[in-house]
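The values are calculated or read from the model by the stated rules, or taken from the named source; none is laboratory data. Just so you know, these numbers come straight off a predicted model, no measurement behind them. No Cβ is skipped: glycine too gets one built from the backbone with ideal geometry, and neighbour counts run over all protein chains shown. Quick note on the areas: whole protein, heavy atoms, side chains included, nothing else; ligands and nucleic acids left out. Shrake-Rupley method; radii C 1.70, N 1.55, O 1.52, S 1.80 Å.
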Amino acid sequence: MTQYRLTPLADALPSTVPFVGPETQERAMGRAFDARLGANENVFGPSPRAIEAMAQAQQWMYGDPESHDLRAALAAHHGISPANIIVGEGIDGLLGYLVRLMVTEGDAVVTSDGAYPTFNYHVAGFGGVLHKVPYAGDHEDPAALFAKAAEVDAKLVYLANPDNPMGSWHEGPVISSALEALPKGCLLVLDEAYIDCAPEGTAPEGTAPDLVADDPRLIRMRTFSKAHGLAGARVGYAIGAPDLITAFGKVRNHFGMNRAAQAGALAALQDSDWLAHVQARIAEARDRIAQIAADNGLVALPSAANFVAIDCGADGSFAKAVLDGLVARGVFVRMPFAAPQNRCIRVSCGTPENLDAFAAALPGALEDAKKG
């Protein structure tokens with residue numbers, strides 16, 4: 001048998017992935033899901049203008065390795081310089097590049113216990129040492145994250161706002177104030193994947209902190225996968241200080257962005273009416289999910305994302321039984337990975353038909369879970 005000469009680090013890594021895709025589950029079941037409500041995709045779809053732009057893209061050409069037009073449009077949209085923006089293959093791809101730039105074997109990295117596992121996957125892949133802090137209630141805890149970062153001399157600290165998997169959020173001034181305690185030499189990775197789904201809030205700046213793009217203490221991650229409905233196209237971008245943005249050029253896949261995705265994202269950015277339409281549909285779906293939960297004696301947590309966490313009222317084993325019951329009934333959902341948040345299931349916003357299927361399946365799933 002051939003012995004492949006993997007690096008010692010790669011050879012020691014477990015053969016796991018952050019998420020098992022719904023397609024994998026469908027193949028195992030031998031049937032398609034009736035309602036796909038587990039991946040936080042935007043079932044309302046992208047802007048018709050984005051669909052048209054992608055269809056007309058000249059696919060025989062490689063994508064522009066600089067994503068020039070998209071970066072220029074994003075810069076104008078945010079009132080910053082193109083030098084502050086890097087475009088990549090979704091936030092997942094950008095997180096991988098960032099960790100490659102910053103983390104080597106033994107370096108400390110801080111995150112919340114139960115937060116986005118793909119970030120952890122990248123850190124492990126480059127030999128970093130993860131240090132985790134618990135949620136405070138059902139919110140990520142910036143003060144605790146930054147205190148832990150100081151304690152372990154972390155290079156990176158990860159914080160999502162709004163949060164996945166709980167849907168909770170902090171208003172912008174909370175993040176801005178907490179950032180004053182970030183230790184010197186540590187970079188905050190602020191994942192704002194769901195920021196376009198968030199409420200405006202009581203603060204003037206809403207959920208997004210009012211921080212200059214050149215602030216060397218943080219890098220902000222944004223995506224077209226959620227509110228813009230382009231998850232399949234894989235388009236994300238990061239906002240940061242120019243020196244940090246330039247460093248991505250040392251490790252990124254320069255032809256990783258395909259031409260159709262670039263065209264679709266540019267068209268989506270320019271269609272504010274469609275974005276407003278989707279935001280309204282997301283809000284309606286959140287309300288419907290909360291009502292379905294209440295109808296079944298469960299509690300839906302407040303959400304600023306395109307999903308809702310539903311407290312199943314017991315422990316992680318019970319929530320997993322509810323999830324399994326839903327999956328067996330053709331409804332794909334997910335749940336948080338860590339206690340005590342794993343008392344919940346997480347349900348993505350869907351069409352009325354999707355949520356009808358969820359409403360029909362939930363009572364039986366709960367009954368089965370109660371029987372043990």
Here the membrane-span-like helices of the chain, with no claim about any membrane, defined by DSSP H, Cα axial extent at least 24 Å and mean Kyte-Doolittle at least -0.5, are 272-295, 352-371
Nitroxide proxy distance, nm - points 7 Å out along Cα→Cβ at R100 and S272: 3.6 nm
Classify the stretch 241-301 as rounded, prolate or oblate, taking a ≥ b ≥ c as the square roots of the eigenvalues of its Cα gyration tensor: rounded when a/c is under 1.5, otherwise prolate if a/b is larger than b/c and oblate if not. prolate
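Give me the accessible area per residue for the stretch 145-248, probe 1.4 Å, as a whole number in Å².
Working: 3650 Å² over 104 residues.
Each residue of the stretch 145-248 exposes 35 Å² on average to a 1.4 Å probe.
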Can you give the extra length, in nm with one decimal, that the chain gains between K371 and A144 once fully stretched, where that is 0.36 nm per residue apart less the Cα-Cα distance? 77.8 nm
Gain in length, E284 to Q3, computed as 0.36 nm per residue apart minus the alpha-carbon separation, to one decimal in nm? 95.7 nm
Using a Gaussian network model of the chain with C-alpha springs under 10 Å, which one of E192, E151, E41 is most mobile by mean-square fluctuation? E151
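Percent of accessible area on the stretch 192-343 owned by carbon and sulfur, 1.4 Å probe?
Carbon and sulfur: 52 percent of the exposed surface of the stretch 192-343.
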What residues qualify as long-range amide H neighbours of L218, i.e. H under 5 Å apart, gap of 5 or more or another chain, H built at 1.01 Å from N? L188
Using alpha-carbon positions, the gyration tensor of the stretch 319-372 gives root eigenvalues a ≥ b ≥ c; with a/c under 1.5 called rounded, otherwise prolate if a/b exceeds b/c, else oblate, the class is oblate
At most 10 other Cβ atoms within 10 Å and a DSSP loop assignment: could you name the trypsin sites (Lys or Arg not before Pro) in the stretch 1-81 that fit? R5, R31
The chain - convex hull of the alpha-carbon atoms, volume per residue in Å³: 162 Å³
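Please state the charge dipole magnitude for the stretch 6-59, taken about the Cα centre, from unit charges on C-beta atoms (+1 on K and R, -1 on D and E), reported in debye and rounded to the nearest 20.
Working: 4 positive and 6 negative charges, 19 e Å.
Using only the charged Cβ atoms, the result is roughly 80 debye.
Given Cβ point charges of +1 (Lys, Arg) and -1 (Asp, Glu) and nothing else, what value in debye, to the nearest 20, does the dipole of the chain about its Cα centre take? Show your work: numbers first, answer last.
Details: 29 positive and 43 negative charges, 180 e Å.
Here the size comes out at about 860 debye.
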Using a Förster distance of 45 Å, the FRET efficiency for S177-Y62 (Cβ separation, nearest 0.05): 0.50
Zero-based 5 Å bins, Cα pair distances in the stretch 35-143, whole percents: 2, 9, 12, 14, 16, 17, 15, 9, 5, 1, 0
Would the stretch 176-248 count as rounded, prolate or oblate if I go by the C-alpha gyration tensor, calling it rounded below 1.5 in a/c and otherwise prolate when a/b exceeds b/c, oblate otherwise? oblate
